[in-house]
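Worksheet: the structure to be examined is printed underneath.
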């Protein structure tokens, strides 16, 4: 064979190798597709909150005021097995939880009214006047805890499967709360979700479309395994065909638990229909200061995402984020894929050239005062 022909064959062979190397993976599920970051509204939300209507330390009106003062525009009161709703009817709400218990104890003279005074009457709040979106919710707690949202709903069910069925029939959405609490209470983070619990969770997600995700950050970083073990286990088993969106909530029972964790929903307008769509389709990201040492926690120094841009032609996903008004350093962007494996560091992910990418990729962005998490982006070969 002549030299020029050998050269041509070799060139074609090398081109094929290069094409194969660049093929890598492709994006098949992107919760941020179609988001116009220049005009989108970012609304701060807490979707797991308790009051004196269950075992919380603050009255419902106090809770609403506390979150409003901290700049939250979306709030769900999710008392245990009770829907504290509506905000405009709090004054006439039947007393429940600790408030009712205190009333009974005082009436029966079981406690000293000076040491244990009655819980004052509730006062109404108008979310429209406050510029907030009020979401009806309930933490179903007679089994592993599940939040139901967007419905004024209560049930006596002790079966998660039955509860999820009822939530679906009522037109609600659901989120698994602090999943690690159900199977791990040690201070040592486990390496894997127990097989029995893996089957339980996978069954829930595969059989219930209204179960949209899980609480990855809860309270004062109550369950590190939810972030470091559970979420990636769910994503590795289910993505990209069945997403499990992440949430960060205060699970607020007392004042000191206020404002530790929050969700940022990307909405064109502050409407329930918009929020419901964002919750269902993962059009959000979430942040926390609870993963940082107490003295370094700072909401203002927690990264805020300005854009997440997918360039299908270039094969890149680019994150732009600021912390304290300044760009987040490149080294503080960490990309994670199947099995919880760290695959890349930097604001730009070239997913065709990055090794180790399978099924999904998500990013964690570290600030000096807090950490921000994206939802997973689905990948296929």
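The values are calculated or read from the model by the stated rules, or taken from the named source; none is laboratory data. Given the structure is predicted, the values throughout are model-derived calculations rather than measurements. Cβ coordinates were reconstructed from backbone atoms using ideal geometry, including for glycine residues, and neighbour counts include every protein chain displayed.
Within region 37-60, being surrounded by fewer than 19 Cβ atoms within 10 Å (Cβ to Cβ) and either in contact (Cβ under 8 Å) with a residue 12 or more places away in the chain or within 21 Å of the chain's Cα centre (by Cα) (or both) holds for 37, 39, 40, 41, 42, 44, 55, 57.
Looking across region 72-96, the residues that are free of Cβ contacts under 8 Å to residues at least 40 places away in the same chain and farther than 13 Å from residue 132 by Cβ come down to 84, 89, 90, 91, 92, 94. When 109, 128 are checked against the criterion of being modelled with pLDDT under 95 and more than 11 Å from residue 60 (Cα to Cα), a single residue qualifies: 109.
Residue 280 - would you say it is more than 30 Å from residue 210 (Cβ to Cβ) and in a helix (DSSP H, G or I)? Taking the combined requirement at face value, the residue does not satisfy it. Restricting 238, 275, 264 to residues that are under 13 Å from the mean Cα position of the chain (by Cα) and touching a residue at least 24 places away in the same chain (Cβ under 8 Å) narrows the list to 264. Could you tell me whether residue 90 is in contact with a helix residue (DSSP H, G or I) (Cβ under 7 Å, 6 or more places away or on another chain) and in a helix (DSSP H, G or I)? Considered against the rule, which asks whether it is in contact with a helix residue (DSSP H, G or I) (Cβ under 7 Å, 6 or more places away or on another chain) and in a helix (DSSP H, G or I), residue 90 comes out as yes. Give the residue that is nearest to residue 372 (Cα to Cα), with candidates limited to residues of region 321-339 that are surrounded by fewer than 17 Cβ atoms within 10 Å (Cβ to Cβ) and in contact with a helix residue (DSSP H, G or I) (Cβ under 6 Å, 6 or more places away or on another chain). Per the stated criteria, the residue is 324.
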